[in-house]
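Everything on this sheet refers to the single structure shown next.
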Amino acid sequence: RTEFALKEIMSSGGAEDDIPQAERKTVTDFCYLLDKSKQLFNGLRDLPQYGQKQWQSYFGRTFDVYTKLWKFQQQHRQVLDNRYGLKRWQIGEIASKIGQLYYHYYLRTSETSYLNEAFSFYSAIRQRSYYSQVNKEDRPELVVKKLRYYARFIVVCLLLNKMDVVKDLVKELSDEIEDYTHRFNTEDQVEWNLVLQEVAAFIEADPVMVLNDDNTIVITSNRLSETGAPMLEQGMIVGQLALADALIIGNCNNQVKFSELTIDMFRMLQALEREPMNLATQMNKPGMQESTEKPARRENPHKYLLYKPTFSQLYTFLAASFKELPANSVLLIYLSATGVFPSGRSDSEGPYDFGGVLTNSNRDIINGDAIHKRNQSYKEMHCLHPGDLYPFTRKPLFIIVDSSNSVAYKNFTNLFGQPLVCLLSPTAYPKALQDQSQRGSLFTLFLNNPLMAFLFVSGLSSMRRGLWEKCQDYLRKINRDIAQLLTHSRSIDQSFLQFFGDEFLRLLLTRFIFCSATMRMHKIFRETRNYPESYPQLPRDETVENPHLQKHILELASILDVRNVFLENTLDDY
């Protein structure tokens, strides 16, 4: 490529001898850096997706080359314009690759700060119109690069909750797709229109809108903030375990998704992250920071996001997480998946006799939840059974199952005496509740944004900002009280308390109890299968049916004027 570039120079700028040596060297160096950067970038695909150590030095080298390339093209722009014929879309491509690097760094480290860095590079491309001339060139593959850039930018904006930017980008992407399909008679029109439909559905997945006085929508963030988790009282005896790793698995049929994130996965990943901080002070100026520089302390647990994994993939990632789990740490497994029910009657009641949740079989599933059986006497192969998780209970394990067969995991056995908790969704919701399953599970919504879930089950679809904030304050008080109920309980299983020292797990546990208590008091949630369950079981009278907590829930309902939705004398009904 370097030779080709030099020949280009000769043809555009006269004889090779006329070109100053320094300028020729500039072009040669640029071509070298460009080749090297592409080679390293393409090599990222070959790195193992799991394991936290192998990839870091390779990423560091890739960052270094892109840092040099970015600075080089800034310093020598005029020579490169004149002698190399550097086009603006080529600068855009470099910036886009740097944005992708930061995004993948976020995926590998779970550090939300890197999302801000990706955002700043993607923003610069748009603000400086790097791709604006692409449409004038008769090359469909260049237009596809531009469309892919938009799709990637949208993912980053969704993860940063920049919904106003997302809406602008969707409109621009829609215009670009229309122009692209009009100019080139391409076969991928349907795919690009599907991308638009997916992101539109994703944006509208929240069942409740919070509105400012001028009726604009308030963007609410559900990452952990400074005041998010209830504080521990002095003298509270809780475990010192820290959440270090999480597997977030999405395999629900027909659920809203964008890229390889279902709405449930999207909500759960945010529940396991802190609010991002800016690494670079100047957001709009792409100035690469040193590649090896990291935030002083890793604030967020590491995560793997697995969309529709096969059993082998799921087990490989699980084994990698288990192997690398530091001492005194917890592994969290979140399963949002279609239920797989046992075939036939079984005389035994072992960990493979209750079914589990679906893993991908690389073939289409017919009729939603109905999974084809080969033989009544065999167990379903494409299923994660409770027994499949037994080997991993040798270390502290925190499991959340959101599925129509979540109760399969109620039949767990703690073989190794390590802390173990399973939080299990209802297996069915009342018919009277408008079916929202496509827009994400109600149980996961409670774990991610309990107030929004509470409003939804109360029949509310919009709310003024002032009232929302008042209710959020009251909910924080409820969370503090739930934390006290748990830690003061005389009969609670110690596993719950051993996990309670970690802020993320503490918040998930208090939200789980709030969710369970709300559903048990709600007039239309009347069947046992409408309620969340847990392993080990929580002492009901001290937690999910505690009169003090019930009083708080009625008070919250009064603030919202929806008290009539809940039972007043709940204890009399049991």
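Worth a mention:
- Each 10 Å bin from 0 upward holds the following percent of the Cα-Cα pairs of region 437-574: 11, 45, 35, 8, 0.
- Solvent exposure of the chain amounts to 46 Å² per residue of accessible area, where only protein heavy atoms count and the probe is 1.4 Å.
- Between S558 and K87, the distance separating the two model label sites (each 7 Å from Cα on the Cα→Cβ line) works out to 6.9 nm.
- Here the chain exposes an accessible surface that is 48 percent carbon and sulfur, computed with a 1.4 Å probe and the other protein chains kept in place.
- Cα radius of gyration and Dmax for region 19-211 (Å): 18.4, 65
- Rounded tilt (10° steps) of 140-159 against the dominant C-alpha axis of the chain: 40
- For the chain, the longest principal axis of the C-alpha atoms and the axis of helix 56-75 are separated by about 40°.
- Each Cα pair under 8 Å and six or more residues apart adds its separation to the average, and for the chain the resulting relative contact order is 14 percent.
- Ordering L160, Y149, F63 by Cα displacement along the dipole of region 19-211 toward the positive end leaves F63 in first place; charges were set at the Cβ atoms of Lys, Arg (+1) and Asp, Glu (-1).
- Note on the chain: antiparallel DSSP beta bridges, both residues inside, total approximately 25 percent of the bridges counted.
- Between 0 and 90°, nearest 10: helix 88-109 axis offset from the chain longest Cα axis: 30
- Cα shape, region 418-467, gyration tensor, a/c 1.5 rule: oblate
- Overall, region 19-211 carries a charge dipole of about 1040 debye about its Cα centre when +1 sits on the Cβ of Lys and Arg and -1 on the Cβ of Asp and Glu, all other atoms neutral.
- Debye log10 I(q)/I(0) for region 106-161, one point scatterer per Cα, at q = 0.22, 0.25 Å⁻¹: -0.85, -0.98
- Translational diffusion of the chain, µm² s⁻¹ [Kirkwood Rh, Cα pairs; Stokes-Einstein; 4 °C; 1.567 mPa s]: 49
- About the centre of its Cα atoms, the chain shows a dipole size close to 760 debye [charges on the beta carbon of Lys, Arg (+1) and Asp, Glu (-1) only; nearest 20 debye].
- For the residue pairs K53/K97; K68/K97; K162/K551; K38/K87; K379/K410; K162/K257, the C-alpha atoms sit more than 25 angstrom apart in K162/K551.
- Peptide ranges 411-417, 169-175, 248-254 listed from the most packed, as the mean C-beta count within 10 angstrom indicates: 248-254, 169-175, 411-417
The values are calculated or read from the model by the stated rules, or taken from the named source; none is laboratory data. None of these values were measured; they are calculated from a predicted model. Note that we place each Cβ from the backbone using ideal geometry, even for glycine, and neighbour counts take in every protein chain shown. Ligands, DNA and RNA are excluded from the accessible area calculation, which covers all protein heavy atoms including side chains. Shrake-Rupley method; radii C 1.70, N 1.55, O 1.52, S 1.80 Å.
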